[in-house]
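Student: Let me give you the structure first, and then I'll get to my questions.
The numbers here are math on the coordinates, done by the rules we state, and not lab data. Since we're looking at a predicted model, the values are computed, not measured. Positions of Cβ are generated from backbone atoms using ideal geometry, with glycine treated the same way; all protein chains shown enter the neighbour counts.
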Amino acid sequence: MPTVRPQKRNDSPPWSETMSPVLPGYRAGNRIQEVQLRRDEDMQFDPLNDAFVSIFNAEQSGHYEVTVKPASNLLGSLLGIMSERGYIGEYEKIENGRGGGYRIELVGAINKCGVIKPRHAVKFAEFDKWESRYLPAQDFGLLLMTTNQGVMHHYDAKEGSIGGRLLAYVF
């Protein structure tokens with residue numbers, strides 16, 4: 001019976017000398033490739049969600065103001081409703097030539113906020129179902145929605161007997 005000899009172990013993979021660097025931070029012999037992304041260069045798939053997450057995180061961290069980017073008319077409408085109902089303080093639009101942003105004053109009134117995905121279509125008769133799904137108690141918090149009469153909260157939509165699509169919640 002032939003004897004089996006242990007093969008010589010090579011710590012670096014054989015392709016490390018011949019392969020060109022694939023990602024920044026690649027070093028021959030190092031199997032971990034580093035990818036460095038800066039916040040400004042990240043792609044935004046849902047700017048509205050990014051804004052609500054930034055507001056919630058700043059609120060939880062105890063900050064008094066937060067800046068969200070990029071600015072949009074939809075975000076401005078939602079901030080106006082939240083300011084009117086006392087969830088945030090004053091806000092101002094910042095023009096910087098690169099999409100702008102909003103500087104928002106926080107008052108510590110937000111327990112939770114977020115974007116509703118997918119944007120469910122809601123009929124006037126179904127508000128109770130969606131309130132129980134996204135809000136912690138009856139008559140506590142807001143469902144922010146878009147209707148054919150503009151962006152509004154669900155209490156205004158109930159008064160007007162209109163439906164629409166859910167965008168976000170805040171309580």
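Student: Quick one: net charge around Ala157, please, counting Lys, Arg +1 and Asp, Glu -1 for every other residue with C-beta under 12 Å from its C-beta.
Tutor: Spelling it out: positives minus negatives among the neighbours equals -1.
Student: What is the local net charge at Asn148, summed over the other residues whose Cβ is closer than 14 Å to its Cβ (Lys, Arg +1; Asp, Glu -1)?
Tutor: Local charge sum for Asn148: +1.
Student: So who's got an amide H within less than 5 Å of the one on Gly99, skipping anything under 5 residues away but keeping other chains? H placed 1.01 Å off N, in plane.
Tutor: When sequence neighbours closer than 5 places are left aside, there are no close amide H contacts.
Student: Taking only the C-alpha atoms, wrap a convex hull around the range 80-162 and report its volume per residue in Å³ as a whole number.
Tutor: Each residue corresponds to 125 Å³ of Cα convex hull volume.
Student: What lysines sit close enough to Lys129 to cross-link, taking a C-alpha to C-alpha distance under 23 Å and skipping anything fewer than 8 places away on the same chain?
Tutor: Candidates past the 8-residue exclusion: Lys112, Lys117, Lys158.
Student: Counting Lys +1, Arg +1, Asp -1, Glu -1, what net charge surrounds Ile88 among other residues with beta carbon under 13 Å of its beta carbon?
Tutor: Every neighbour counted, the sum reads -4.
Student: Using a Cα-Cα cut-off of under 20 Å, which lysines could be cross-linked to Lys93, ignoring same-chain neighbours fewer than 8 residues away?
Tutor: Lys69
Student: I've got another one for you. Using only the Cα atoms of the range 61-127, build the gyration tensor, take square roots of its eigenvalues as a ≥ b ≥ c, and label the shape rounded, prolate or oblate: rounded if a/c is under 1.5, else prolate if a/b is larger than b/c, else oblate.
Tutor: Oblate, since a/c reaches 1.5 and b/c is not below a/b.
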